[in-house]
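Following: one structure in structure tokens, then a few remarks.
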Amino acid sequence: MRDKYCGFVNIEDVGKEVLLAGWVYRRRDHGGLVFVDLRDITGVVQIVFSPDISKQAHKMAGDIKQEYVIQIKGRVEKRPEGTENPNISTGMVEVLVKELVILNISKTLPFQLDEDEPNETVKLKYRYLDMRRPSIQEIFITRSKVYKAVRDYLVSHGFYEFETPMLTKSTPEGARDFIVPSRLNPGTFYALPQSPQLFKQILMIAGFDRYFQIVRCFRDEDLRADRQPEFTQIDMEMSFVDVEDVINISEGLIKEIYKTIKGETLKDAFPRMTYEDAINTYGTDKPDLRFGLPILDITNIFKKTDFGVIKKAIENKGIVKSIVLKGKNLSRKDLDASVDVAKQIGAEGLIWIRKEGETLQSPVVKYLKEEEKLALIERLEVKDSDVIFIMTGNRQKVNELMGRFRLYLGERYNLIDRNQFKFLWVTDFPLFEYSEEQKRYVASHHPFTASKTDIRQFNGDYESLKSKAYDLVLNGVEIGGGSIRIYRKDEQMEMFRLLKIEEEEAQEKFGFLLEALEMGAPPHGGIAFGFDRILMMLLDQDSIRDVIPFPKTQKGVCLLTDAPSRVTQKQLNELRIRVIHEKQ
Ligand code: ASP
């Protein structure tokens, strides 16, 4: 139906005849001539209907409207001088139409493609129209290129691609499962995979050495801007490896993705930080390194203080932490606002101390000893018009709140360079964390994660154990995570015992893995990256919805198809399911 794509017509085609097909993007009538921007997936070319070239085509051109689908035959000409558009690849030429075929008509669209974005509901209901917009097409063309880059990189590094079941058993990523009733086994249910974790481990036990999959995962969680109930992971697993090997291969992969999207090579190795350092210095396990503002421990300065709040906190084994905001000359209003923000994020209070000339200014300065003031100035290298922000109290809480307050300061005082991409490996996560909800220790990553030390010699202190888990963080967002796994049955059983998972329950849930671990399981480990999240960030989009072809709304609804929806009584009967409708 065509012998060339619209976007590929250029100066070399001048004088030639071309057959094109596409959509009417824009249409203008100009003194007897009709101009149309004809669009296909490759771009836009200007076509011209003139009565001097074809009376019939020119007459028909009077009927065509935006988004009509047409086919034309015409001759490529140089554009008259002064009418060129150097911003597009077809901008030096136009096509004079000899023949026009209207392949399909179009109703007036619910929104104009070349105008501002429609609202989210309209956009998702008419996703196919939204996707016609060149800027949106660009996103999905890039997404497609990234799939290929990932496959090329991993295959060339000895990985084999697999598909693992979608109808499966509950997996241990810690979110709620989506479940699917089984008609053939009434009363039983499959779970959609939260990740292929156990299958990829089984593939290592099967001897495949290196596995990968670009795979859909399902987690029934409350949705936020960067969450979707179904999302895509680049999932990997490798045999006979330790932390270093997984990190190295993964870093190469991420650099390959970066190059595919940004066209630039990242040369430097990604920095690393232990979990402990990340928490102590940035108050979070996903620090945003696009700006400084480290959180410093100044408890020592106040060992002998008379200042009530701090004295009490230290007596209760608390800590004192500070952030210094340099040279921003904050007004009293700014300072009061920062106290309000600290309270909003849950702090009991925030102390600020401003340096003015040689003195420190603050409502609390009268409670400080001379030597404490001097120590603050010296240790924190405070200069004129710098502000010290201080919080005190329980270690974990202060770290967390200071972490959030640091992000506020970064945003509020424009300290974040939005053009930067700061990757960071965070390692040495704790093996266990205490779950307030379940009132017991749970696995920080998942229960198949290996410990750095032999858990069979566990001394009773859950919080002392570190795991061989690692996360990759980009600009303060976790974009991937994984671990070296337990590969011996006795160690895995010990792990379940420490997690207070009964043997019976372990057998029922993971019996197949436990049995496989007894038949020559190799040491192995892996990682999974959030494909959508990486694309969102590298393509500067606000939400992962923008990089997913058919995303769901905040309430998990697909506006295009109206899923989820009711099913027929016959279907329910076959599944032996009775739906209890809430009383109106
Ligand atoms: N399965 C894990 C996850 O999805 C990643 C991994 O441990 O490889 O978070």
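A few points about this structure:
So that you can scan it fast, the table gives a plain yes or no per residue for (1) of a type in the set (D, E, K, R); (2) part of a loop (DSSP other than H, G, I, E, B); (3) within 16 Å of the ligand (Cβ to nearest atom); (4) within 20 Å of the chain's Cα centre (by Cα):
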| residue | (1), (2), (3), (4) |
| --- | --- |
| Glu117 | yes, yes, no, no |
| Arg132 | yes, yes, no, no |
| Ser144 | no, no, no, yes |
| Tyr147 | no, no, no, yes |
| Tyr153 | no, no, no, no |
| Pro165 | no, yes, yes, no |
| Thr171 | no, yes, yes, no |
| Gly174 | no, yes, yes, yes |
| Arg183 | yes, yes, no, no |
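- The single condition among (1) in contact with a Phe, Trp or Tyr (Cβ under 7 Å, 6 or more places away or on another chain); (2) surrounded by 15 or more Cβ atoms within 10 Å (Cβ to Cβ); (3) without any contact (Cβ under 8 Å) to a residue 40 or more places away in the chain that Pro110 does not meet is (2).
- If the condition is being outside any loop (DSSP other than H, G, I, E, B), among the charged types (D, E, K, R) and open to solvent by 80 Å² or more (accessible area, probe 1.4 Å), then the range 1-26 contributes Glu12, Glu17, Arg26.
- Counting the residues of the range 215-230 that are within 13 Å of the ligand (Cβ to nearest atom) and crowded, with 17+ Cβ neighbours inside 10 Å gives 4.
- Enumerated strands (runs of 3 or more DSSP E) restricted to the range 260-365, each holding at least 3 residues that are modelled with pLDDT of 95 or more: 272-274, 319-325, 351-356
- Test: Asp235 is within 16 Å of the ligand (Cβ to nearest atom), outside any loop (DSSP other than H, G, I, E, B) and at pLDDT 95 or above: yes
- Looking only at the range 417-426, and only at residues there that are of a type outside the set (Phe, Trp, Tyr) and open to solvent by less than 30 Å² (accessible area, probe 1.4 Å), the one that is farthest from the ligand (Cβ to nearest atom): Leu424
- Conditions (1) open to solvent by 40 Å² or more (accessible area, probe 1.4 Å); (2) assigned to a loop (DSSP other than H, G, I, E, B); (3) not small (Gly, Ala, Ser); number of the one not met by Pro522: (1)
- Just so you know, in the range 546-582 the residues that are among the β-branched types (Val, Ile, Thr) and surrounded by 12 or more Cβ atoms within 10 Å (Cβ to Cβ) include one that is modelled with the lowest pLDDT, and it is Thr553.
- Number of positions in the range 69-84 that are open to solvent by less than 50 Å² (accessible area, probe 1.4 Å), without any contact (Cβ under 8 Å) to a residue 60 or more places away in the chain and not charged (D, E, K, R): 4
- Residue count for the range 366-415 under the criterion of being over 21 Å from Val341 (Cβ atoms), touching a residue at least 40 places away in the same chain (Cβ under 8 Å), open to solvent by 100 Å² or more (accessible area, probe 1.4 Å) and part of a helix (DSSP H, G or I): the result is 3.
- Residue count for the range 90-109 under the criterion of being touching a helix residue (DSSP H, G or I) at 6+ places or on another chain (Cβ under 6 Å) and within 30 Å of Val547 (Cβ to Cβ): the result is 1.
- Look at the range 512-541: where a residue is under 24 Å from Asp471 (Cα atoms) and touching a residue at least 40 places away in the same chain (Cβ under 8 Å) and a partner is among the aromatic types (Phe, Trp, Tyr) and within 16 Å of the ligand (Cβ to nearest atom), sitting 6+ places away or on another chain with Cβ atoms under 7 Å, you get Pro522/Tyr487; Pro523/Tyr487; His524/Tyr487; Gly530/Phe231; Asp532/Phe231.
- Here Ser467 qualifies as in contact with a Ser or Thr (Cβ under 6 Å, 6 or more places away or on another chain) and closer than 25 Å to Ile247 by Cβ.
- Counting only strands (runs of 3 or more DSSP E) that fall entirely inside the range 427-490 and contain at least 3 residues that are modelled with pLDDT of 95 or more and within 14 Å of the ligand (Cβ to nearest atom), the qualifying elements are 469-474, 477-484.
- When residues of the range 188-201 are limited to those that are over 18 Å from the mean Cα position of the chain (by Cα) and within 13 Å of the ligand (Cβ to nearest atom), the one most open to solvent (accessible area, probe 1.4 Å): Phe199
- Scanning the range 222-229 for residues that are acidic (Asp, Glu) and either over 22 Å from Ala469 (Cβ atoms) or under 23 Å from the mean Cα position of the chain (by Cα) (or both) turns up at least one hit.
- Only listed residue being in contact (Cβ under 8 Å) with a residue 12 or more places away in the chain and within 16 Å of the ligand (Cβ to nearest atom), chosen from Ile254, Ile261: Ile254
- Selected residue (only one of Phe208, Phe178 is within 16 Å of the ligand (Cβ to nearest atom), closer than 19 Å to Gln228 by Cα, among the aromatic types (Phe, Trp, Tyr) and in contact with a strand residue (DSSP E or B) (Cβ under 9 Å, 6 or more places away or on another chain)): Phe178
- Extreme residue, surrounded by the most Cβ atoms within 10 Å (Cβ to Cβ), among residues of the range 231-263 that are of a type outside the set (D, E, K, R) and touching a Leu at 6+ places or on another chain (Cβ under 6 Å): Tyr258
- Ile295 being surrounded by 20 or more Cβ atoms within 10 Å (Cβ to Cβ), in contact (Cβ under 8 Å) with a residue 60 or more places away in the chain, over 16 Å from Leu401 (Cα atoms) and touching a strand residue (DSSP E or B) at 6+ places or on another chain (Cβ under 8 Å): no
- Here Ser54 does not fit the description of being modelled with pLDDT of 95 or more, open to solvent by less than 70 Å² (accessible area, probe 1.4 Å) and touching a His at 6+ places or on another chain (Cβ under 9 Å).
- Residues in the range 28-44 that are over 13 Å from Ile70 (Cα atoms) and either among the hydrophobic types (A, V, I, L, M, F, W, C) or free of Cβ contacts under 8 Å to residues at least 60 places away in the same chain (or both): Arg28, Asp29, His30, Gly31, Gly32, Leu33, Val34, Phe35, Ile41, Thr42, Val44.
- Conditions (1) open to solvent by 50 Å² or more (accessible area, probe 1.4 Å); (2) at pLDDT 95 or above; number of the one not met by Asp63: (2)
The values are calculated or read from the model by the stated rules, or taken from the named source; none is laboratory data. Given the structure is predicted, the values throughout are model-derived calculations rather than measurements. Heads up, the Cβs are rebuilt from the backbone with ideal geometry, glycines too, and the neighbour counts pull from every protein chain shown. Note: accessible area is taken over every heavy atom of the protein model, side chains too, but ligands, DNA and RNA are not part of it. Shrake-Rupley method; radii C 1.70, N 1.55, O 1.52, S 1.80 Å.
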